[in-house]
Amino acid sequence: MADLTVSEQQDAIARLKAIFAGYNLGSLADRIAEYIYQGYSEDTTSLLLQDSPEYKQRFAANDARVKAGLPVLSPKEYLATEDAYRAILQDAGLPKGFYDDESDFQKMIASDLSASAVKRRVDAAAKAIDNTDPYYKEALQNMYGLDAGHMIAYVLDPERALPLVEKQAKAVEYGAAALRQGLTQAPTSQYEAYASGVGTGVGAEAGMAQIAEITPGLSTLAQISGDQYNQQTAEQEVFGGLASARRKRQKLTQEEEARFTGRSNVETGSLGSGMTGQF
(Lines give C-alpha, C1' and ligand atoms only; values in the text may rest on other atoms or scores of the structure.)
Protein backbone atom coordinates (compact mmCIF):
# COMPACT_ATOMS: atom_id res chain seq x y z
CA MET A 1 0.00 0.00 0.00
CA ALA A 2 1.07 3.57 -0.56
CA ASP A 3 2.67 5.33 2.39
CA LEU A 4 0.17 7.40 4.35
CA THR A 5 0.73 11.01 5.08
CA VAL A 6 1.04 12.05 8.70
CA SER A 7 -2.51 13.41 8.55
CA GLU A 8 -3.85 10.13 7.10
CA GLN A 9 -1.98 8.15 9.72
CA GLN A 10 -3.50 10.25 12.47
CA ASP A 11 -6.98 9.81 10.97
CA ALA A 12 -6.49 6.02 10.77
CA ILE A 13 -5.26 5.91 14.36
CA ALA A 14 -8.25 7.95 15.54
CA ARG A 15 -10.72 5.67 13.73
CA LEU A 16 -9.19 2.47 15.13
CA LYS A 17 -8.91 3.91 18.63
CA ALA A 18 -12.62 4.77 18.54
CA ILE A 19 -13.52 1.27 17.34
CA PHE A 20 -11.45 -0.53 19.96
CA ALA A 21 -12.52 1.85 22.71
CA GLY A 22 -16.07 0.75 21.84
CA TYR A 23 -14.92 -2.81 22.55
CA ASN A 24 -13.65 -1.59 25.94
CA LEU A 25 -10.12 -2.10 24.63
CA GLY A 26 -8.74 1.41 25.00
CA SER A 27 -5.60 -0.20 26.39
CA LEU A 28 -4.60 -1.06 22.81
CA ALA A 29 -4.32 2.61 21.79
CA ASP A 30 -0.51 2.69 21.88
CA ARG A 31 -0.28 -0.51 19.85
CA ILE A 32 -2.67 0.90 17.24
CA ALA A 33 -0.45 3.93 16.77
CA GLU A 34 2.64 1.73 16.63
CA TYR A 35 1.26 -0.48 13.86
CA ILE A 36 -0.01 2.44 11.79
CA TYR A 37 3.33 4.29 12.08
CA GLN A 38 5.06 1.08 11.00
CA GLY A 39 3.10 1.28 7.75
CA TYR A 40 0.37 -1.29 8.35
CA SER A 41 -3.09 -0.60 6.89
CA GLU A 42 -6.16 -0.22 9.09
CA ASP A 43 -7.40 -3.70 8.10
CA THR A 44 -4.05 -5.32 8.83
CA THR A 45 -3.78 -3.47 12.11
CA SER A 46 -7.24 -4.72 13.10
CA LEU A 47 -6.23 -8.29 12.33
CA LEU A 48 -3.01 -7.97 14.31
CA LEU A 49 -4.88 -6.56 17.28
CA GLN A 50 -7.37 -9.44 17.19
CA ASP A 51 -4.45 -11.75 17.93
CA SER A 52 -3.53 -9.83 21.08
CA PRO A 53 -4.15 -11.27 24.57
CA GLU A 54 -6.34 -8.27 25.42
CA TYR A 55 -8.62 -8.83 22.44
CA LYS A 56 -8.90 -12.57 23.09
CA GLN A 57 -9.78 -11.93 26.71
CA ARG A 58 -12.40 -9.33 25.75
CA PHE A 59 -14.16 -11.79 23.46
CA ALA A 60 -13.21 -14.88 25.45
CA ALA A 61 -16.54 -16.63 24.91
CA ASN A 62 -15.68 -17.08 21.24
CA ASP A 63 -12.94 -19.58 22.07
CA ALA A 64 -15.45 -21.63 24.07
CA ARG A 65 -17.96 -21.38 21.21
CA VAL A 66 -15.40 -22.77 18.76
CA LYS A 67 -14.70 -25.71 21.07
CA ALA A 68 -18.44 -26.36 21.34
CA GLY A 69 -18.88 -26.27 17.57
CA LEU A 70 -20.71 -22.95 17.63
CA PRO A 71 -20.03 -20.08 15.21
CA VAL A 72 -17.79 -17.24 16.31
CA LEU A 73 -19.63 -13.98 16.93
CA SER A 74 -18.34 -10.86 15.26
CA PRO A 75 -17.52 -7.99 17.63
CA LYS A 76 -20.78 -6.32 16.59
CA GLU A 77 -22.82 -9.46 17.32
CA TYR A 78 -20.95 -10.09 20.57
CA LEU A 79 -21.53 -6.55 21.85
CA ALA A 80 -25.19 -6.60 20.76
CA THR A 81 -25.72 -9.82 22.74
CA GLU A 82 -24.12 -8.29 25.83
CA ASP A 83 -26.28 -5.18 25.46
CA ALA A 84 -29.43 -7.32 25.18
CA TYR A 85 -28.53 -9.22 28.36
CA ARG A 86 -27.74 -5.99 30.18
CA ALA A 87 -31.04 -4.35 29.18
CA ILE A 88 -33.07 -7.34 30.37
CA LEU A 89 -31.33 -7.42 33.74
CA GLN A 90 -31.67 -3.68 34.24
CA ASP A 91 -35.37 -3.85 33.38
CA ALA A 92 -35.73 -6.54 36.04
CA GLY A 93 -34.48 -4.08 38.62
CA LEU A 94 -31.06 -5.50 39.32
CA PRO A 95 -28.80 -2.92 40.94
CA LYS A 96 -25.94 -1.40 38.99
CA GLY A 97 -22.82 -3.49 39.32
CA PHE A 98 -24.69 -6.77 39.66
CA TYR A 99 -24.44 -9.01 36.62
CA ASP A 100 -23.80 -6.17 34.17
CA ASP A 101 -20.11 -6.65 33.40
CA GLU A 102 -18.70 -8.28 30.26
CA SER A 103 -17.11 -11.05 32.33
CA ASP A 104 -20.56 -11.88 33.76
CA PHE A 105 -21.83 -12.68 30.27
CA GLN A 106 -19.01 -14.91 29.02
CA LYS A 107 -20.56 -18.20 30.12
CA MET A 108 -23.96 -17.23 28.71
CA ILE A 109 -22.51 -16.27 25.32
CA ALA A 110 -20.31 -19.37 25.30
CA SER A 111 -23.43 -21.49 25.89
CA ASP A 112 -25.32 -19.70 23.10
CA LEU A 113 -27.95 -18.51 25.57
CA SER A 114 -30.31 -16.23 23.69
CA ALA A 115 -31.63 -12.96 25.10
CA SER A 116 -35.16 -14.42 25.12
CA ALA A 117 -33.96 -17.38 27.20
CA VAL A 118 -32.28 -14.99 29.64
CA LYS A 119 -35.54 -13.08 29.96
CA ARG A 120 -37.46 -16.26 30.74
CA ARG A 121 -34.91 -17.11 33.43
CA VAL A 122 -35.12 -13.64 34.94
CA ASP A 123 -38.91 -13.81 34.87
CA ALA A 124 -38.68 -17.10 36.77
CA ALA A 125 -36.79 -15.28 39.51
CA ALA A 126 -38.92 -12.13 39.49
CA LYS A 127 -40.63 -12.86 42.81
CA ALA A 128 -37.28 -13.33 44.47
CA ILE A 129 -36.31 -9.83 43.36
CA ASP A 130 -39.56 -8.35 44.62
CA ASN A 131 -39.04 -7.24 48.21
CA THR A 132 -42.80 -7.13 48.84
CA ASP A 133 -43.16 -10.89 49.20
CA PRO A 134 -41.32 -12.03 52.34
CA TYR A 135 -43.02 -15.43 52.26
CA TYR A 136 -41.61 -16.23 48.82
CA LYS A 137 -38.14 -15.24 49.97
CA GLU A 138 -38.48 -17.30 53.15
CA ALA A 139 -39.63 -20.33 51.17
CA LEU A 140 -36.81 -19.83 48.69
CA GLN A 141 -34.32 -19.87 51.54
CA ASN A 142 -35.96 -22.88 53.20
CA MET A 143 -36.26 -24.98 50.06
CA TYR A 144 -33.11 -24.14 48.11
CA GLY A 145 -30.91 -22.17 50.48
CA LEU A 146 -31.02 -19.07 48.27
CA ASP A 147 -31.64 -15.40 48.92
CA ALA A 148 -33.04 -13.01 46.31
CA GLY A 149 -29.69 -11.94 44.89
CA HIS A 150 -28.35 -15.46 44.64
CA MET A 151 -31.57 -16.58 42.97
CA ILE A 152 -30.72 -14.35 40.01
CA ALA A 153 -27.21 -15.72 39.72
CA TYR A 154 -28.63 -19.21 40.10
CA VAL A 155 -31.17 -18.97 37.29
CA LEU A 156 -28.73 -17.22 34.95
CA ASP A 157 -26.28 -20.13 35.09
CA PRO A 158 -26.69 -21.72 31.64
CA GLU A 159 -25.63 -25.08 33.03
CA ARG A 160 -29.02 -25.26 34.75
CA ALA A 161 -31.73 -26.21 32.28
CA LEU A 162 -34.50 -23.65 31.95
CA PRO A 163 -37.34 -26.14 32.63
CA LEU A 164 -35.68 -27.02 35.95
CA VAL A 165 -35.31 -23.35 36.89
CA GLU A 166 -38.95 -22.65 36.06
CA LYS A 167 -40.15 -25.71 37.97
CA GLN A 168 -38.19 -24.73 41.06
CA ALA A 169 -39.46 -21.15 40.94
CA LYS A 170 -43.03 -22.45 40.73
CA ALA A 171 -42.41 -24.95 43.53
CA VAL A 172 -41.42 -22.07 45.80
CA GLU A 173 -44.88 -20.58 45.23
CA TYR A 174 -46.36 -23.59 47.05
CA GLY A 175 -43.92 -23.17 49.92
CA ALA A 176 -44.68 -19.45 50.14
CA ALA A 177 -48.44 -20.05 50.07
CA ALA A 178 -48.11 -22.54 52.94
CA LEU A 179 -46.20 -20.03 55.05
CA ARG A 180 -48.70 -17.30 54.21
CA GLN A 181 -51.51 -19.49 55.60
CA GLY A 182 -49.56 -20.34 58.74
CA LEU A 183 -48.93 -23.90 57.57
CA THR A 184 -45.73 -25.90 57.60
CA GLN A 185 -43.83 -26.65 54.40
CA ALA A 186 -43.99 -30.10 52.87
CA PRO A 187 -40.85 -31.69 51.42
CA THR A 188 -39.47 -29.73 48.47
CA SER A 189 -39.79 -32.75 46.17
CA GLN A 190 -43.54 -32.80 46.80
CA TYR A 191 -43.96 -29.18 45.74
CA GLU A 192 -41.74 -29.76 42.71
CA ALA A 193 -44.07 -32.56 41.66
CA TYR A 194 -47.07 -30.22 41.87
CA ALA A 195 -45.11 -27.57 39.95
CA SER A 196 -44.48 -30.13 37.20
CA GLY A 197 -48.22 -30.61 36.74
CA VAL A 198 -48.55 -33.83 38.74
CA GLY A 199 -51.90 -33.85 40.52
CA THR A 200 -55.03 -31.75 40.36
CA GLY A 201 -53.55 -28.52 39.04
CA VAL A 202 -55.11 -26.49 41.87
CA GLY A 203 -53.19 -23.23 42.29
CA ALA A 204 -50.85 -22.79 45.23
CA GLU A 205 -52.68 -19.88 46.89
CA ALA A 206 -56.21 -21.26 46.48
CA GLY A 207 -55.17 -24.75 47.52
CA MET A 208 -53.31 -23.69 50.65
CA ALA A 209 -56.24 -21.51 51.67
CA GLN A 210 -58.55 -24.54 51.44
CA ILE A 211 -56.10 -26.66 53.40
CA ALA A 212 -55.76 -24.06 56.16
CA GLU A 213 -59.55 -23.87 56.41
CA ILE A 214 -60.39 -27.58 56.59
CA THR A 215 -57.42 -29.16 58.37
CA PRO A 216 -58.11 -28.04 61.99
CA GLY A 217 -61.75 -29.23 61.96
CA LEU A 218 -61.00 -32.50 60.25
CA SER A 219 -58.08 -33.13 62.58
CA THR A 220 -60.49 -32.78 65.53
CA LEU A 221 -62.99 -35.14 63.93
CA ALA A 222 -60.22 -37.66 63.29
CA GLN A 223 -59.21 -37.62 66.96
CA ILE A 224 -62.81 -38.26 67.99
CA SER A 225 -62.90 -41.21 65.58
CA GLY A 226 -59.54 -42.54 66.70
CA ASP A 227 -58.07 -41.69 63.33
CA GLN A 228 -55.58 -39.11 62.03
CA TYR A 229 -56.00 -36.22 59.61
CA ASN A 230 -53.34 -33.56 59.10
CA GLN A 231 -52.05 -30.99 56.64
CA GLN A 232 -50.29 -33.67 54.61
CA THR A 233 -53.54 -35.57 54.18
CA ALA A 234 -55.29 -32.43 52.97
CA GLU A 235 -52.46 -31.61 50.55
CA GLN A 236 -52.60 -35.10 49.15
CA GLU A 237 -56.20 -34.52 48.14
CA VAL A 238 -56.17 -30.84 47.23
CA PHE A 239 -52.98 -30.90 45.18
CA GLY A 240 -52.31 -34.57 44.56
CA GLY A 241 -55.86 -35.78 43.91
CA LEU A 242 -55.22 -38.82 46.09
CA ALA A 243 -58.41 -40.91 46.32
CA SER A 244 -57.57 -42.35 49.74
CA ALA A 245 -57.23 -38.84 51.20
CA ARG A 246 -60.58 -37.86 49.70
CA ARG A 247 -62.25 -40.98 51.11
CA LYS A 248 -60.80 -40.27 54.56
CA ARG A 249 -62.26 -36.74 54.52
CA GLN A 250 -65.65 -38.02 53.36
CA LYS A 251 -65.64 -40.79 55.97
CA LEU A 252 -64.88 -38.35 58.78
CA THR A 253 -67.63 -35.92 57.76
CA GLN A 254 -70.15 -38.74 57.35
CA GLU A 255 -69.33 -40.10 60.81
CA GLU A 256 -69.76 -36.62 62.26
CA GLU A 257 -73.12 -36.20 60.55
CA ALA A 258 -74.21 -39.61 61.82
CA ARG A 259 -73.23 -38.71 65.40
CA PHE A 260 -75.14 -35.43 65.41
CA THR A 261 -77.83 -36.16 62.86
CA GLY A 262 -76.45 -33.76 60.29
CA ARG A 263 -75.18 -31.15 62.76
CA SER A 264 -71.51 -30.79 63.57
CA ASN A 265 -69.16 -28.79 65.72
CA VAL A 266 -67.43 -28.10 62.42
CA GLU A 267 -69.26 -26.29 59.62
CA THR A 268 -70.60 -29.22 57.59
CA GLY A 269 -71.14 -26.96 54.63
CA SER A 270 -67.37 -26.69 54.21
CA LEU A 271 -66.69 -30.33 55.02
CA GLY A 272 -69.52 -32.19 53.34
CA SER A 273 -70.61 -32.64 49.75
CA GLY A 274 -69.78 -29.05 48.93
CA MET A 275 -66.08 -29.81 49.28
CA THR A 276 -66.21 -32.48 46.61
CA GLY A 277 -66.74 -29.92 43.90
CA GLN A 278 -63.87 -27.77 45.16
CA PHE A 279 -61.25 -30.52 45.10
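What to note about this one:
- For segment 237-279, the candidate set comprises residues that are at pLDDT 55 or above, among the aliphatic types (A, V, I, L, M) and within 30 Å of residue 195 (Cβ to Cβ); within that set, the residue that is surrounded by the most Cβ atoms within 10 Å (Cβ to Cβ) is 238.
- Entirely in segment 6-106, the helices (runs of 4 or more DSSP H) that have 3 or more residues that are within 27 Å of residue 122 (Cβ to Cβ) and assigned by TED's automatic domain parsing to the domain that holds residue 123: 75-91
- Flag if residue 195 is within 18 Å of residue 136 (Cα to Cα), modelled with pLDDT under 90 and either surrounded by 17 or more Cβ atoms within 10 Å (Cβ to Cβ) or not charged (D, E, K, R) (or both): yes
- Odd one out for residue 234 among (1) assigned by TED's automatic domain parsing to the domain that holds residue 135; (2) buried (at least 23 other Cβ atoms within 10 Å of the Cβ): (1)
- Residue within segment 96-103 that is modelled with pLDDT under 75, crowded, with 18+ Cβ neighbours inside 10 Å and not acidic (Asp, Glu) present: yes
- All conditions in (1) closer than 30 Å to residue 145 by Cα; (2) polar (S, T, N, Q); (3) at pLDDT below 90 hold for residue 190, with the sole exception of (3).
Matching residues to (1) of a type in the set (A, V, I, L, M); (2) surrounded by 18 or more Cβ atoms within 10 Å (Cβ to Cβ); (3) at pLDDT 90 or above; (4) more than 24 Å from residue 253 (Cβ to Cβ):
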{"position": "126", "(1), (2), (3), (4)": "yes, no, no, yes"}
{"position": "162", "(1), (2), (3), (4)": "yes, no, no, yes"}
{"position": "165", "(1), (2), (3), (4)": "yes, yes, no, yes"}
{"position": "169", "(1), (2), (3), (4)": "yes, yes, no, yes"}
{"position": "209", "(1), (2), (3), (4)": "yes, no, yes, no"}
{"position": "218", "(1), (2), (3), (4)": "yes, yes, yes, no"}
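The values are calculated or read from the model by the stated rules, or taken from the named source; none is laboratory data. Treat the numbers as computed from the prediction; the structure is a model and nothing was measured. As a convention, Cβ positions derive from the backbone with ideal geometry for all residues, glycine included, and neighbour counts pool all protein chains shown.
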